[in-house]
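A short worksheet on the structure shown next.
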Amino acid sequence: RAKSMGRHTYCIFQPGMGDEVRQRRSLEKDLSDAIYEEQFELHFQPRVDLKTRKINSYEALIRWNHPEKGLISPGDFIPVAEGSGQIVQIGKWVLEAALRASASAISRHRISINVSPVQFRDKDFVDDIRQAIAGAGIPPERLEIEITETTLIEDDSRALSILTVLKEIGVKIALDDFGVGYSSLGYLSRFPFDSIKIDRSFVHEAGRNASSRAIVETVVRLGRALNMRIVAEGVEDTDTLLMLRECGCDEVQGYLLGRPQPVAHLVRAVEPEIMKVLESPDGRTRIG
Ligand code: C2E
Ligand code: MG
Ligand code: MG
Ligand code: MG
């Protein structure tokens, strides 16, 4: 390829590497358009309380409606936005859009948003949350933030003070993707989590695999002792749902209960569908 640019052009990068750098640059550029042109959209996925059989909250998950490439999932652009710092602005948009939805269409429920470590580190993070809550005019308890252990590792005393302030305001805090990554048990006693979300890699296996099931049971017991709610993410089939119920898991989330959807779809369809699944997950057994 260097050749086609003329005899005096030398390629100092590996070709593959150059492509990757160029791709990232082009995504960054598209992302800055996306921020101004509001190409993002939030989908919401229900999280269901197994005891009350009610929706406890909705998790907001971002999607990018790229003008040429179509719908891009967060796994493909969040890392780029984190690298460039654009995640801070995107995160503000998510916060506001999620609270707007909470103040209107799905107003009876709590909304959970995912917060990147980079956004969490931003000096305005707590103020942004305060302002967004005040602006939406909702009780602070209706907002939950989901963070992962990566957020805690970098500067855990600062993280502790931010989480403590949020907790005082009344915002709920969840530890996301528990079990993958660093998973220091020390974090569970040091930080004021309201809930722990067991990563779907364990949940997925737990219906069939005894050691995954043992992990789920142990985390549930840990949650009891620490007074934190245990949420299983990625529940896709009824065997897993039944197993989680037996283990005493508090809440479940996953395709079986409902896929992430635009807010307009939720209002109509979701609750009756969930009731059907919980009342007769395998056509016989009642859950809850
Ligand atoms: P997460 O917070 O752990 O979200 C759960 C992911 O699992 C979502 O993928 C969801 O669509 C998917 N999921 C839910 N139920 C099931 C299931 O039963 N089976 C399977 N296979 N998957 C299921 P999604 O929406 O692609 O998001 C991926 C990750 O991107 C999220 O993981 C979160 O870490 C990040 N993310 C999403 N939205 C945001 C955002 O607004 N801000 C930030 N900072 N990160 C976000
Ligand atoms: Mg999450
Ligand atoms: Mg997760
Ligand atoms: Mg995740």
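The values are calculated or read from the model by the stated rules, or taken from the named source; none is laboratory data. None of the values given here were measured: they were computed from a predicted structure. Glycine also receives a Cβ, built like all others from the backbone with ideal geometry; neighbour counts cover every protein chain displayed. To get the accessible areas, we keep the full protein, side chains included, count just its heavy atoms, and leave off ligands, DNA and RNA. Shrake-Rupley method; radii C 1.70, N 1.55, O 1.52, S 1.80 Å.
When you look at ARG259, is it under 28 Å from LEU71 (Cβ atoms), touching a residue at least 12 places away in the same chain (Cβ under 8 Å) and open to solvent by 50 Å² or more (accessible area, probe 1.4 Å), yes or no? Criteria met by ARG259.
Of everything listed in (1) open to solvent by less than 60 Å² (accessible area, probe 1.4 Å); (2) at negative phi; (3) under 20 Å from the mean Cα position of the chain (by Cα), the single unmet condition for GLY170 is (2). Taking first residues from segment 38-56 that are outside any strand (DSSP E or B) and partners that are open to solvent by less than 20 Å² (accessible area, probe 1.4 Å), the Cβ contacts under 7 Å between residues at least 6 apart in sequence or on separate chains come to GLN39/TRP64; GLN39/HIS66; LEU50/CYS249; LEU50/GLU251; LEU50/VAL252; LEU50/ILE287; ARG53/LEU278. Answer yes or no as to whether ALA34 is among the hydrophobic types (A, V, I, L, M, F, W, C) and assigned to a helix (DSSP H, G or I). Answer is yes for this residue. Here the condition is being in contact (Cβ under 8 Å) with a residue 12 or more places away in the chain and in a helix (DSSP H, G or I); of VAL203, VAL231, VAL235, it holds for VAL203 alone.
Out of all the residues in segment 177-195, is one or more of a type outside the set (Ser, Thr, Tyr) and part of a strand (DSSP E or B)? Scanning segment 177-195, I find at least one residue that is of a type outside the set (Ser, Thr, Tyr) and part of a strand (DSSP E or B), so the answer is yes.
Taken together, the residues in segment 185-227 that are of a type in the set (Asp, Glu) and in contact with a helix residue (DSSP H, G or I) (Cβ under 8 Å, 6 or more places away or on another chain) amount to 2. Scanning segment 173-204 for residues that are of a type outside the set (A, V, I, L, M, F, W, C), on the phi < 0 side of the Ramachandran plot and within 13 Å of ligand 2 (Cβ to nearest atom) yields ASP176, SER195, LYS197, ASP199, ARG200. Filtering segment 61-98 to residues that are of a type in the set (Lys, Arg) and outside any strand (DSSP E or B) leaves LYS69, LYS92.
Entry remark, segment 192-219: residues being within 20 Å of the chain's Cα centre (by Cα), away from ligand 3 (no atom under 12 Å from the Cβ) and buried (at least 20 other Cβ atoms within 10 Å of the Cβ) number 3 in total.
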